[in-house]
Amino acid sequence: MSLDQSNLNLNELFVTWLSEEVEALASKRSRMFHAYKKAADRLSAYPEQITTPKQLKSVSFVGEKIFLILCSRLQKHCEQNSVDIPALFGNYVSLTRNEKRPLQLDEEKAKKTRRTNKWIPKRRSGGWAILVALCKNQHVSGLCKEDLIAAATPYCDGSFTSNPAARDFYSAWDSIKTLLNREYVYCRGRPKIYLITETGLQMAQGILLQEGLDFETNLPERPEISYDNGVRLTPESVTGNSLFVKETESTPLSELILSSPLSQRTQLTVTNSLKNSEIGSSVRKSLTIAHDADKKYFGGVKYDIWCPEDYEIILLMDNREVRSQTERDYFHTRIVANGVNCDTRSLSVGDVLWIARHKTTGLEVVLNYVCERKRLDDLAMSIRDGRFTEQKSRLKNSGLKNIYYLVEEGGLGDLQRIAGMKQAIETSISMVITNSKFHLNRFKRTDDTIEWLQCMTSILKTRYQGLRLIVLKPDCVNTRDDYISMLQRFRAKFEDRPSYECVHKFSLYQATMTKTTMMTVKEIFILMLLLIRGMSLEKAIVLQNHFKVPRNLIEYFLEFGAGKTEVEKGVLIFDLFKDEIGSKKFTKPLLIAVYDTWGRE
């Protein structure tokens, strides 16, 4: 038997339930606390007896969410006390069960359904050209940005490169964001490989039919050059008696090795030269990895070979490298004025980089030379904030053989900024040579730096006149370690002869060497440790080598810190590293800071 609903005092019940919500929000320190508190105050001061939903909604600060919460509490209260739910609240109570009121259903039937128009890119726009290019090359397992731009350029009226100097900050390539959002295109891997979806393929096929275009590929052909003495090979000129091994149905690619006398002699020479090298056993094992010289595959990675006449040397300057705030393009202007082929871009690592650009395809690769330029005042600030150590680490992990550290001694205006840091600067400069093994050059003026860059570019042009480049073209690189190990395997295989040099594509170098992308758990953990005041890179590496991941450090404090005082917990890990010496030695204040960050509850 149900009780009479007239005994319900809705005002009192609503105030009680809303006060409970306010207390819960206060304990959570929620931002909604103040809104709910105002609603509870206005509801308790409401002069009339609430009997209808309209009255409840008319109370100030009682919005739709608070209204539905109170209706839900009313439903539970009535069910627990066998009380009939007030009739006027019935429809709203059912709404809390994810159902709809009859009136709401009638309103939805009266609403007109919104028509969604299918998006069609503008003719010969960036998105239009990208869809056409991907459709015409759908047999390829994806295209990187450079190949996709090369294939889409003939179908686009605009440029795929921006020109900030002319206040043109957008290009046709920006349409790729729209295609990704509308799921016409998707990307995978790093560097990013773009592929067309079923929806995008239908759209592109419609465009091709309307324009009367065929479905054949339009990718620019790359020169066919094999790993030999410079002889250019074509598929027709390669026979079954060739020195190069072909993949057959009975012999998988993973078991193929070169069987010619030349390859055996090369393999023996490289193996002997690596026995006492620093490359390690993993690289020596790469000498037995399958090499299909005909198809230009080594260890499952495709490569190309560029002859000296196929490419040109270009000097790249980081676009953030300026002489002063009023002379932002000083370096580029001076270098170009002296006849050096120079370009400015945002570089992931270093301030100056030399690349090789293919004269036919426009593909760019990174040469083994990079520079980091520092003024004395900038060097002092980088030592203070830790950028000095971080930048050196990233330069060493770039995989480039020749790293130059250029230091410019500033004028009298810099004395105040470097006051008291003379000893630290001299120590850091010496560490660049001794610990990091970089090439160091010190200059008095900026003009001396520019003159050195011009001379260096001239020297490199002369050096690369006799070098063929082995250009690595991996489909996907997961980590920086994969990037470096792949380069080392190719160097061990091909660079036994001085006329060859192994290089990565510039786009892959940029994507791999950025600060935030492709970081491993180890690198992230080290960066987190470096945020602790007084923590150096050497000490952070020691901590990471012992605890591996953050969870291990936290669990160590929980396991061995039970029953100890806060002071004892602070120096709990001191015994683990008490034998470290030099820059790796830990102090008790630093270990207490580690505990405050990772161990204190």
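The numbers here are math on the coordinates, done by the rules we state, and not lab data. Predicted model only: the values in this text are computed from it and were never measured. As a convention, Cβ positions derive from the backbone with ideal geometry for all residues, glycine included, and neighbour counts pool all protein chains shown.
Computed quantities for the displayed model
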| quantity | calculated |
| --- | --- |
| Radius 13 Å from Cβ of Ser60, net charge of other residues (Lys, Arg +1; Asp, Glu -1) | +3 |
| Likely footprinting exposure, Cys187, Cys156, Cys476, fewest C-beta neighbours within 10 Å first | Cys476, Cys187, Cys156 |
| Karplus (6.51, -1.76, 1.60) ³J(HN,Hα), θ = phi - 60°, over segment 316-321, in Hz, Gly and Pro reported as x | 10, 10, 5, 6, 8, 8 |
| Under-5 Å amide H pairs with Lys302, H placed in peptide plane, nonlocal only | Lys473, Asp475 |
| Per-residue ³J(HN,Hα) for segment 532-540, Karplus 6.51 cos²θ - 1.76 cosθ + 1.60, θ = phi - 60°, Hz, x for Gly and Pro | 6, 4, x, 7, 9, 5, 4, 5, 4 |
| Rounded if a/c under 1.5, otherwise prolate or oblate - segment 428-467, Cα gyration tensor axes | oblate |
| Restricting segment 1-82 to GluC sites (Glu not before Pro) in coil, as DSSP defines it, with at most 10 other Cβ within 10 Å | Glu48 |
| Phi to ³J(HN,Hα) by Karplus 6.51 cos²θ - 1.76 cosθ + 1.60 over segment 16-32, Hz, x for Gly, Pro | 4, 5, 5, 5, 5, 5, 5, 5, 5, 5, 5, 5, 8, 6, 7, 6, 7 |
| Computed FRET value (nearest 0.05) for Tyr330 with His34, which takes r as the C-beta separation and R₀ as 51 Å | 0.40 |
| Full-extension gain in nm, Leu208 to Glu568, via 0.36 nm per residue minus C-alpha separation | 122.2 nm |
| Label-point gap, in nm, between Glu309 and Thr597 - each point 7 angstrom along Cα→Cβ | 5.8 |
| Amide hydrogen neighbours beyond the local backbone of Leu440, cut-off 5 Å, H modeled | Tyr405 |
| Kirkwood-Stokes translational diffusion coefficient of segment 521-598, alpha-carbon pairs, 4 °C, 1.567 mPa s, µm²/s | 103 |
